[in-house]
Amino acid sequence: MISGRGLGPTGGTLDKLESIPGFNVSLSLDEVKEAVATVGCCIVGQTEDICPADRIVYAARDATCTVSSKGLIVASIIGKKACEGISSLVMDVKYGTGAVNPDQTTAEELAVALAENANSLGIKTTAVISHMNSPLGFAVGNSLEVIEAIECMKGKGGRELRELVCFQGGILLENSGLAKTREEGEKKVSVALDDGSALKKFGEMLEFQGVKKDIVNKLLKGETNSVLKQASNTKQIVSEKSGFLNCINARKIAELAARLGAGRDKPQDAVDHAVGVVLRKSPGDWVDAGEVWVVIHHNKPLLDLDLREIRDSLNLTKENVAPSRITKVIE
């Protein structure tokens, strides 16, 4: 998979993976081919040989405030996917406070454009519309999200994250002819998460892309504190009242994480891999007054603005009205 770095308040897959010591995202074309042939997968960035123009445009989008341009989004995503030579594609198109698309209508318009362009190139494509009014999973940050991804591949972690992974993975297996139905595909993905085969494959990819074997072993065993950078400070935030968690404003959480250093203001800025936010609750959960619902991992001093914004991001209701994460599927 050819991926990118964080733009604006959104996180970047490459930034997250680079929180793992030694992980190399700059493989040559021959190395990418070898990875796919031997391991079966790899996650890399644009290089001089792989989507070189997209790398330039990707950086320019952030600097020119055109992150949300539909045409540039479609060109960037489908250009990379076509370059990969894939036959099937499932895209997670998000909307809401934490997404580029502010509402479902805008997300559907983008999803249709993505699917039409990809299908016109012979790539069997499905778009899954899902909301990002609350963060997906519990972690927001670089190394923190790596830890959560590993937990998911151990059959643990947040319910919503696992459901989305299985749902989209099931569609991909069906579209690729590796499962007769989406439900059969979902079951195969679920088994891979629970029996350790997904985690094993992740470890093989890490090792191929430059991570030392002893570090890979520690990560897979859950000894993440001895491998990944840790923030020097943590701050627990408690709820001021009781209720069902309706949503946690994903935009406010992402902007806080960016201010802490997890994101970047300029394309050339470095990121702090250790900082971010870890939620203790997810939509639909009951929260008691005085209960810790989020922990901030930080190296910089927290500002009054940071504490005010994170407290304001919590939305509780008397009834459990949290919406489903998945909204619609577009072929």
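For this structure, a couple of remarks:
- Selected from LEU72, LEU303, LEU172 as most flexible by GNM, with the chain as the system and alpha-carbon contacts under 10 Å: LEU303
- In whole percents, the pair-distance distribution calculated for segment 143-213 from its alpha-carbon pairs, binned every 5 Å from zero, is 4, 18, 22, 23, 18, 11, 4, 1.
- Cross-link partners of LYS201 among aspartates and glutamates (Cα-Cα below 19 Å; sequence separation of 8 or more within a chain): GLU18, GLU31, GLU34, GLU145, GLU148, GLU151, GLU186, ASP214, GLU223
- Under the criterion of Cα pairs below 8 Å and six or more residues apart, the relative contact order for the chain equals 22 percent.
- Estimated 222 nm signal from helices in the chain, with DSSP H stretches of n ≥ 4 weighted -39500 (n - 2.57), rounded to 500: -13000 deg cm²/dmol
- Rel. contact order, % - alpha carbon contacts under 8 angstrom, at least six apart, segment 14-137: 20 percent
- Where trypsin sites (Lys or Arg not before Pro) fall in DSSP loop in segment 171-254, at most 13 other Cβ within 10 Å: LYS180, LYS212, LYS241
- Loop-located GluC sites (Glu not before Pro) in segment 1-99 whose Cβ has at most 16 other Cβ within 10 Å (DSSP): GLU48
- Carbon/sulfur fraction of accessible area - the chain, other protein chains in place, 1.4 Å, %: 53 percent
- Over the chain, the fraction of Cα-Cα pairs per 20 Å bin, rounded to whole percents and listed from the shortest bin up, is 29, 63, 7.
- Separation between Cα centres of segment 113-166 and segment 241-298, rounded to whole Å: 18 Å
- Long-range amide H partners of VAL44 with built H, under 5 Å: ILE2, SER3
- A 1.4 Å probe run over segment 123-209, with the rest of the protein chains in place, finds 41 Å² accessible per residue.
- Exceeding the 24 Å Cα-Cα cut-off - candidates LYS154/LYS212; LYS81/LYS187; LYS16/LYS180: LYS81/LYS187; LYS16/LYS180
- Compactness of segment 1-121 was expressed as the Cα radius of gyration divided by 2.2 N^0.38 Å, which yields 1.09.
- Partner aspartates and glutamates for LYS80 [C-alpha distance under 16 Å; skip if fewer than 8 residues away on the same chain]: GLU48, ASP49, ASP54, ASP92, GLU116
- Cβ-derived FRET efficiency at R0 35 Å, LYS328 paired with LEU178, nearest 0.05: 0.90
- Distant-in-sequence amide H partners of ALA139 (H built 1.01 Å from N, under 5 Å): LEU279
- Heavy-atom accessible area order for ASP306, ASP312, largest first, 1.4 Å probe: ASP312, ASP306
The values are calculated or read from the model by the stated rules, or taken from the named source; none is laboratory data. Because the structure is predicted, anything quoted here is derived from the model rather than measured. Cβ coordinates were reconstructed from backbone atoms using ideal geometry, including for glycine residues, and neighbour counts include every protein chain displayed. The protein model used for the area step is the full one, side chains on, heavy atoms only, and it has no ligands, DNA or RNA in it. Shrake-Rupley method; radii C 1.70, N 1.55, O 1.52, S 1.80 Å.
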